[in-house]
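FYI, it's all coordinate maths here, none of it is from the lab. Just so it is clear, the model here is predicted, and its values are computed rather than measured. Using ideal geometry, Cβ is built from the backbone for each residue, glycine included, and neighbour counts are taken over all protein chains shown.
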Amino acid sequence: ALAHRGLRGALVGAAKPAPGDGRAAAVPRLGVGGHAEAIVRLGLLLHRRGDLEEAENWYLDAAERGDPAAMTNLGVLARNRGDEGEAAAWYRKAAEHGSVPALTNLGHLAEHRDDLAEAERWFRRAAETGDVQGMLSLARMLRSRGSGQEAEQWLARAEHVQDDREHHV
């Protein structure tokens, strides 16, 4: 799907539902209309069911509407296919649109390439937003390079944020 259209085509409108592709009929029935969040949720349901091609189509539709979660999920699909370049492009676009998980995912991609300085920058950006995964990834990285004191500070912050979330549910 996406690999055949290319990232540029996907970002400029290649994801329009065509009659008979399943999405066109589903939109009115599900009441999704033009709501990007609903489109992303449908994509997530399909993704979890293992219908990756159809999930990708829905994510593309929402990404075209500027939804950062859809862009992040497209990055996940690309990475799972082994296309780290496409994944990074989607994660960057998602980060530009405010996706904090995309920051952490960019850190993991950099770490996988052994670019630890870049990985730390991405993890730190995510951590500084209050993202627990960013904090944990940064702490792990700091500890592995011998910065145990700073690592412990980030672990404590992550624990505090998590405790706050559990008490305010």
Restricting region 53-71 to residues that are closer than 19 Å to GLY85 by Cα and touching a Gly at 6+ places or on another chain (Cβ under 8 Å), which is surrounded by the most Cβ atoms within 10 Å (Cβ to Cβ)?
TYR59
Just one of ALA119, ALA126, ALA110 is closer than 24 Å to GLU86 by Cα and in contact with a His (Cβ under 9 Å, 6 or more places away or on another chain); which is it?
ALA119
Number of positions in region 101-132 that are surrounded by fewer than 20 Cβ atoms within 10 Å (Cβ to Cβ) and within 11 Å of the chain's Cα centre (by Cα):
0
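Quick grid of which residues meet (1) under 27 Å from ASP61 (Cα atoms); (2) among the β-branched types (Val, Ile, Thr); (3) in contact (Cβ under 8 Å) with a residue 40 or more places away in the chain; (4) out of contact with any strand residue (DSSP E or B) (no Cβ under 8 Å at 6 or more places or on another chain):
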site: ARG79; (1), (2), (3), (4): yes, no, no, yes
site: ASP83; (1), (2), (3), (4): yes, no, yes, yes
site: ALA88; (1), (2), (3), (4): yes, no, no, yes
site: TYR91; (1), (2), (3), (4): yes, no, no, yes
site: GLY98; (1), (2), (3), (4): yes, no, no, yes
site: PRO101; (1), (2), (3), (4): yes, no, no, yes
site: ALA117; (1), (2), (3), (4): no, no, no, yes
Within the set of pairs 6+ apart or on separate chains, which have a first residue in region 33-62 that is in contact (Cβ under 8 Å) with a residue 40 or more places away in the chain and in a helix (DSSP H, G or I), a second that is surrounded by fewer than 22 Cβ atoms within 10 Å (Cβ to Cβ) and acidic (Asp, Glu), and C-beta atoms under 8 Å apart?
ASN57/ASP21
Residue set GLU86, GLU152, GLU166, GLU64; condition more than 21 Å from the chain's Cα centre (by Cα), within 30 Å of LEU42 (Cβ to Cβ) and not small (Gly, Ala, Ser); output residue GLU166
